[in-house]
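First up is the structure itself, then whatever we jot down about it.
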Amino acid sequence: SLFNLVLLICLAAPAVRAKCTTCPDGIEFPDADPLGDGFYKCSNIDNFYLFSFDAGSTECFRAEYEVMSTCCPSQVKDIAKNNACGWCPNGVTNLESSVDIPFQADPTTCGEVMVLVATAALEFGVCGLASSVASTCCPGDEAGGGAFFSCKFCEAGVEFPNKINPEAENLSCTQVQASALLANETVCNSLVKPLEDSCCPNTKSTSGCDFCAAGLENPTKELPLTGITCEQFKASAASALDSAQCEFAFKPAETICCPSTTDVVGCDFCSAGLDDPTATIPFVQGLTCQDFQDSSYFSTDCTAIKPAETFCCPSTTDVVTCDFCPGGLENPNEAVPLLGGLTCKDFQDSAGLIGNSTDCDNSIKPLEGLCCPSTTDNYKCDWCSGEAGLEFPEKEFPGIGLTCSTMASLVPAVTYQELCDQYKAAEGLCCPASSDAVPCDFCTGPSGLEFPERGIDDSDLTCEDFANLALAVPNQTLCDSFELVEGLCCPSSTGVSLPPVTEGDYCYICGNADVEMTKSDYQPYAFGGNDDPNEQQTCVQIEASLNAARSPGESCINAISGFTFLFSPSICGCEGITPPDPCGFCSGRGVNRDAQVPGENFTCGEGFDYIQHVSPVFCSNPEIDLKAIEAVCCTDIVESKPPDSAASVGTRFFAALASLLVGSLFA
């Protein structure tokens, strides 16, 4: 849709991000149109449409699936390969096969399940759900190497399948068993497994947990932050539901309750002692260093805990954390834009909890441009640096809700050229004197922007928004796409002849009731052999349909714009309306009217008569090579292609026409 245009040029958030890409083994059909909207080709889809999604996001995987199906169909099955679930490890072989998902009324496809698995949303039980349909999606290849949690409910069978469980929203035992596929470990252990007492009381699994098997050394010692003694904890461990709960929920406490006999290794936090046990660790819910050290024994993964040693035992730790503004903060109390009031000082404090260098470089260090600009060695984005500076601080970049002033405050955090280039696209809007970009030739006709408040393509964007975007688009390809909007925003700039439209209870394609429609039975959408019954309407029927769809209070010029976007009213024979001939087909030359357009059932004369009445969007459609058609239809051609190059012209002509008329954005 036209709204996707905005996604191409919306500015990214002020953090380094990996962009979404597709076709890792190469694009197979570079000239194909993956979205079917005429704006993108497979050859540039990564740099435009897909760039608006973050790599690894659900949106990215869905976009990849959509795009790869057209651009590199042989690679689609590999989107979820090597997924965390270990599901269909060699790819999905039956992408279009329909599968039933528990508690979902309509079936879905293996391709959609593949997208879910690719996001590795383990916390929502996607792996368990996917495993239930693997035999359909990749028969013979269901098992993989991924280790994921799967909730086992009544493994020996449900004894009372129809029994209703009030504590589970009145689900039957059979339904509970199905829902177990979707349960993560917490939900499984706390909500699902207890229902085995109701559904399979004689065969339920109770593995228990052998906690401190050699005996408790500290039976009365309380476990930190719990108020529970080791003796009480051992009693609870006996009712552990499975080995996973035993290993992750109970066993780590052996480092406190029976430290000399356990083989569990806890996290060694500040082993040389705490510098200040009462110090509070920033952003960790008010926990002190002593709290942190005590609870660290429960963790067998130290990666999230060890960085806090820089606060609790800085004199003895060898942990290296994120070094943010090492030369000091220049603006400690300055709030970082769009981050809920967090200040530079807050970010410096939190940097001490970041031990991962990638997280530091990608999420924290870029903000040095805001907090210590004179000492950072980060890349600096040259934005609105002309003598006039920021000229229009209150102007808002359409589609993203950021003003030029807000963007100016974010630019110091831009740390690489690719992101800077996106910001620079807005210079034409915010600081035109600093920009060397050439604005799009948008609505530059004698009447200028005629309908600034008109909405475009069911989005929140108006014609005025597009006029602002025309100042900021980065290349001519996008400028060409803006021509599609001119028919709605400034028809006088398109060359299409429009009659003065009279407002009233009924709207007329010809402007008013006094202008005769001499070709009321003509079928504009049916030209070229389109046999779709929905496109057989005559001009008078189209007019009636436009009125039937008209919203209360909607102006007539807006009500008929869905038609005038594609055609001049002259196509219906409105008296006094001159055909605009926007394409200049066979201009100044004769027409071989009886010649047949190759591959089509209409002659050059019929095509010539038709094209006189279309709007300019038809002329700029990349699917139609008018020069090749002229080589067949026009006489006295000075420069033309050989006639045999037009062998498939007719097919392209009709396909493009169908794309415009039948698949119009405004149909």
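Bear in mind that the values in this text are calculations on the coordinates, not laboratory data. Worth saying up front: this structure is predicted, and the values here are computed from it rather than measured. When we count neighbours, we look across all protein chains shown, and the Cβ atoms used for this are built from the backbone with ideal geometry, even at glycine.
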Of 163/193; 77/365; 41/627, those spanning more than 27 Å from alpha-carbon to alpha-carbon
77/365
I'd like to know how region 260-409 sits against the 2.2 N^0.38 Å rule of thumb: what's its Cα Rg over that expected value?
1.35
Mind listing the long-range amide H neighbours of residue 109? Cut-off is under 5 Å, sequence gap 5 or more, other chains count too, H placed in the peptide plane at 1.01 Å from N.
99
For a quick check of your reading of the filter: which GluC sites (Glu not before Pro) in region 248-339 sit in a DSSP loop and have no more than 16 other Cβ atoms within 10 Å?
330, 334
For a quick check: with amide H placed at 1.01 Å from N, whose amide H comes under 5 Å from residue 275's, ignoring anything fewer than 5 positions away on the same chain?
313
Placed amide H near residue 171: partners under 5 Å, 5+ positions off or other chain
165
Please list, in order along region 251-260, the HN-Hα scalar couplings obtained from phi with the Karplus expression 6.51 cos²θ - 1.76 cosθ + 1.60 (θ = phi - 60°), rounded to whole Hz, x for Gly and Pro.
3, x, 6, 4, 5, 9, 8, 8, x, 7
Under the definition of Cα pairs under 8 Å and six or more residues apart, what whole-number percent is the relative contact order of region 256-384?
22 percent
Can you compute 3J(HN,Hα) from phi for each residue in region 536-542, using the Karplus curve 6.51 cos²θ - 1.76 cosθ + 1.60 with θ = phi - 60°, rounded to whole Hz and x for Gly and Pro?
9, 5, 7, 4, 5, 6, 4
